[in-house]
Amino acid sequence: MSFLDVDDDNFICINQELKEKKLCPEFCECLSHYDQPGYYIKCESMGLEYFPKYIPVPKDGAKLVVSLAHNNIASFPDCDGKGYEWLLNVTSLNIEDNPVNIKSSLDDVEFCNFDRLLRCLKHGENIQHLFLAQTGIAYIPQRIENMGLRSVSLPNHELQCDCNTIWLKTWFQQNERQEHNGNTSKRTEIESYQTLYCVGTGNSFLSETA
């Protein structure tokens, strides 16, 4: 990519303050933007099996971007417990390429923990971007529809199609209509939803548009 084509948000560097105060988790890189407040916490490809409990939080509601992508995280935390306060402040959370698996039913323990996580993120009122691609999640809590996300990447290719997920099709179609009408103020950018398929049926998840 041409140097001039690089977005300003990609000009980031090691946060020396967090490094000197030893506030950065040892398995993460703690970065900051060259001229804006906020933290970029990069915990990628470290073999992590759980969400980190303690992540530094910037002051005054500044941007907090956390990436846990490309790890071995197979479960969501009970964010009602002590030590996950950062989830109330995170503005962008990336858990792509982790073996989280929700395929059995809505009574699945992991589904309940996922729903609890979304509730915590929504309660913090800061979350804008959520990345879930390349996971084994087949059920998405409906809570995600009303979180006011600016963008979300869903699990690749397959989701469960039943009476508990029909709301997803409606959500996708509403976002399509808003895009066609140029109404993007309340629209969530849903990555690659046109290519989603129903588990075990081979039928396109979004076979028609309204």
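Every number in this text was worked out from the coordinates using simple rules, so none of it is lab data. What you see is a predicted model; the values in this text were computed from it and never measured. Every residue, glycine as well, gets a Cβ built from its backbone with ideal geometry; the counts of neighbours run over all protein chains shown.
Using Cβ contacts closer than 10 Å as the measure, can you line up Tyr193, Tyr54 from fewest to most?
Tyr54, Tyr193
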* Whole Å is fine, so just give me how far the alpha carbon centre of segment 126-143 lies from that of segment 1-16. => 27 Å
* Asked: Mean separation of Cα pairs under 8 Å and 6+ residues apart, divided by the residue count of the chain: what relative contact order is that in percent?
  -> 13 percent
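Computed over the Cα atoms of segment 3-198, what is the ratio Rg over Rh, Rh following Kirkwood? The partial results should precede the final answer.
Numbers: Rg = 17.2 Å, Rh = 17.7 Å.
Taking Rg over the Kirkwood Rh, I get 0.97.
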* With Cα atoms, 0 to 90° folded angle of helix 166-180 axis to the chain main axis -> 70 degrees
* Could you count how many Lys pairs in segment 52-171 have their Cα atoms under 27 Å apart, skipping same-chain pairs fewer than 8 positions apart? => 12
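Only sites in a loop by DSSP and with at most 12 other Cβ atoms within 10 Å count here; which GluC sites (Glu not before Pro) in segment 78-187 make the cut?
Values: sites: Glu85, Glu96, Glu110, Glu125, Glu145, Glu158, Glu176, Glu179; in loops: Glu96, Glu125.
Listed in order of number, the matching sites are Glu125.
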